[in-house]
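Here the structure is laid out as structure tokens; the discussion comes afterwards.
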Amino acid sequence: MGLYLNRQDRFFEHFSRPAGLNFSENRAVGFGVVARDWDADGDEDLLVACGHVHYRPDRGTMPQLPMLLENVDGQTLRRVSIDDPFFQQPRVGRGLATADFDSDGDSDIVATQLDGPPSLVENHCPAGRHHWLRIRLIGTRTARQPIGTRVLLDWPGGTMMRQLVGGGSYLSDSEPVLEFAWPRSSEQQPPTVRLRIEWTDGTVTEVAQANPDQTLTLVQP
């Protein structure tokens, strides 16, 4: 499994070792990979479905544990242990996708495996500790599903960026919704946030005040 850092000059740097993916406990054969802010702290973490391609590999076994890698500081990834049967039972993982099945503001997991049933795993990110905003984009001058469009969200703690991408992980495709989450402060009323949508045709839409804790559908003017 490799991580390549975008240097924004049409070059990518192999970043697996500095990010911590080369640690012995993280060595696995990865298939489905999804980036989401699983712990609602403002940055995106990685979830990886793992399983070997050989029935009798030289090292380890064919069934492997899925990996949840927490984004610590934008530079390193730390494996997190989850007390749940999905994360504690080895399987030959392959496909992986996400969607908010229970409409509570966070992404849940659908995972497939060889010689076994698919798994639906609910995200139990503690409610009340964070604000969230889910954005569904509809293009008019661009493609209806505007792949490549970027959304920047300004909140009191800084700026977050999400980009609508095409395709998905291995043989999978996740819900085409951009997700933001940030820690809740001690305010009585949730503060509004500012949005900047950079469509792929070069036009820009700005939303001066958007209320959090909802799903917004934004149509290109």
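The values are calculated or read from the model by the stated rules, or taken from the named source; none is laboratory data. Bear in mind the structure is a predicted one, so any value in this text is a computation, not a measurement. Using ideal geometry, Cβ is built from the backbone for each residue, glycine included, and neighbour counts are taken over all protein chains shown. Surface accessibility is based on the protein's heavy atoms, side chains included, excluding ligands, DNA and RNA. Shrake-Rupley method; radii C 1.70, N 1.55, O 1.52, S 1.80 Å.
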Candidates V165, V151, filtered to the one that is surrounded by 12 or more Cβ atoms within 10 Å (Cβ to Cβ) and outside any loop (DSSP other than H, G, I, E, B): V151
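Would you confirm whether or not region 107-117 contains a residue that is open to solvent by less than 20 Å² (accessible area, probe 1.4 Å), of a type in the set (S, T, N, Q) and touching a Lys or Arg at 6+ places or on another chain (Cβ under 7 Å)?
First, pick out the residues of region 107-117 that are open to solvent by less than 20 Å² (accessible area, probe 1.4 Å): 107-109, 111.
Narrowing the set further to residues that are of a type in the set (S, T, N, Q) leaves 107.
Okay, now just the ones that are also touching a Lys or Arg at 6+ places or on another chain (Cβ under 7 Å), so 107.
Yes: region 107-117 contains one or more residues that are open to solvent by less than 20 Å² (accessible area, probe 1.4 Å), of a type in the set (S, T, N, Q) and touching a Lys or Arg at 6+ places or on another chain (Cβ under 7 Å).
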Strands (runs of 3 or more DSSP E) contained entirely in region 1-97, each with at least 2 residues that are closer than 23 Å to S107 by Cα and free of Cβ contacts under 8 Å to residues at least 40 places away in the same chain: 30-36, 45-50, 67-71
Matching entry among D43, D9 (being modelled with pLDDT under 85 and farther than 23 Å from P85 by Cα): D9
Qualifying positions in region 193-216 - open to solvent by less than 60 Å² (accessible area, probe 1.4 Å), at pLDDT below 95, in a loop (DSSP other than H, G, I, E, B) and at negative phi: P212
Flag for S103 being surrounded by fewer than 21 Cβ atoms within 10 Å (Cβ to Cβ) and of a type in the set (S, T, N, Q): yes
Any hit, region 123-139, residues being closer than 23 Å to T217 by Cα, among the aliphatic types (A, V, I, L, M), loosely packed, with under 15 Cβ neighbours inside 10 Å and modelled with pLDDT of 95 or more: yes
